[in-house]
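Before any comments, here is the structure.
The values are calculated or read from the model by the stated rules, or taken from the named source; none is laboratory data. All values derive from a computational prediction rather than experimental measurement. Heads up, the Cβs are rebuilt from the backbone with ideal geometry, glycines too, and the neighbour counts pull from every protein chain shown.
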């Protein structure tokens, strides 16, 4: 297969692709040495053809591709779309629509949590994909025949996967079950990188409000530096160093130098001075304005209830042939354990129907869990007596 290396050829191909009801899409990129992903290759397929686009070709203008991604008459099919969409959003400030993610669809169809593309192709198409080119250097030119074949396979088999999953969802009346997940994927907020939110990656590592306040400032500083210099966060400051700084809260360059994880000499650099300033800003924060830490939110107890809800979740997921992760998250269960009116996805729409209602019944003793022939089942209680097993 030839590789598209000019805008004119790409434009003609996208016009052909736009005549179809759906196209499958994938990308190959690099981000080991940059903050923002570097797009290298785009693969697109319709039922009639598949093309591999060299995004790094001299003079290549990807506008025809971005226009196709916005064509409302063509469904864009991805597998595990988040990273691909992040790249498209960063380059075009637009999100592909309408969108279909086969990984999400597979979860709704009961193929497991976050099933890999190769596994899904094996299950549906009965084909084993050669993944040997997955970690090759996609920035090197020319692309090898093996790389082109790998890139093509990622979108040609995806056509059959999409058709099979969509048919199954329609037969089960579950197409609407994808709506919430697709809504998240289609939101620009999912891909925007706000420095003030960088601390959230460390939420579970923070013990005290003071630690949180310092982390909020130092993590925001690191994020701004990484974005402006387009380098990985670890090039600015490794995670373990960031955590040690947040816990120790060094107020002076000398105190910063005493931390074992901090690179030698950093306290004398511009970065060292900025880190100390960020620590100071954190210590000056009003504790009353800080978000609640996970351990603070969980102080209300409910640990045993959460464990029971986890068992119920697995039982409901198995009974309905759907991945547990798409029904409810651990955060959902923890919220439900302490608040019947918790505003979580598990208490809305189809999730409430198959799980949320039962979760409340379990909490209030109107439903019990037992084992029947080696499987967990539920007992619903009426007038003090078990009514039936589900």
- Message: I'm trying to understand the selection: among the residues of the range 130-160, which are surrounded by fewer than 18 Cβ atoms within 10 Å (Cβ to Cβ) and in a loop (DSSP other than H, G, I, E, B)?
- Response: 130, 131, 132, 134, 135, 136, 137, 139, 140, 141, 142, 144
- Item | Selected residue (only one of 225, 217, 181 is surrounded by 14 or more Cβ atoms within 10 Å (Cβ to Cβ) and at pLDDT below 95) | 181
- Cβ-Cβ below 6 Å, separation at least six or inter-chain, first residue in the range 325-342 and farther than 25 Å from residue 178 by Cβ, second modelled with pLDDT under 95 and outside any helix (DSSP H, G or I): which pairs? 337/302; 338/300; 338/302
- Give 10, 56 a once-over and let me know the one that is closer than 30 Å to residue 228 by Cβ and either crowded, with 16+ Cβ neighbours inside 10 Å or at pLDDT 95 or above (or both). 56
- Message: Between 317, 342, 346, which is in contact with a helix residue (DSSP H, G or I) (Cβ under 6 Å, 6 or more places away or on another chain) and assigned to a loop (DSSP other than H, G, I, E, B)?
- Response: 342
- Note on the structure: Apart from one, (1) within 18 Å of residue 206 (Cβ to Cβ); (2) exposed (fewer than 14 other Cβ atoms within 10 Å of the Cβ); (3) at pLDDT 95 or above all hold for residue 277; the odd one out is (1)
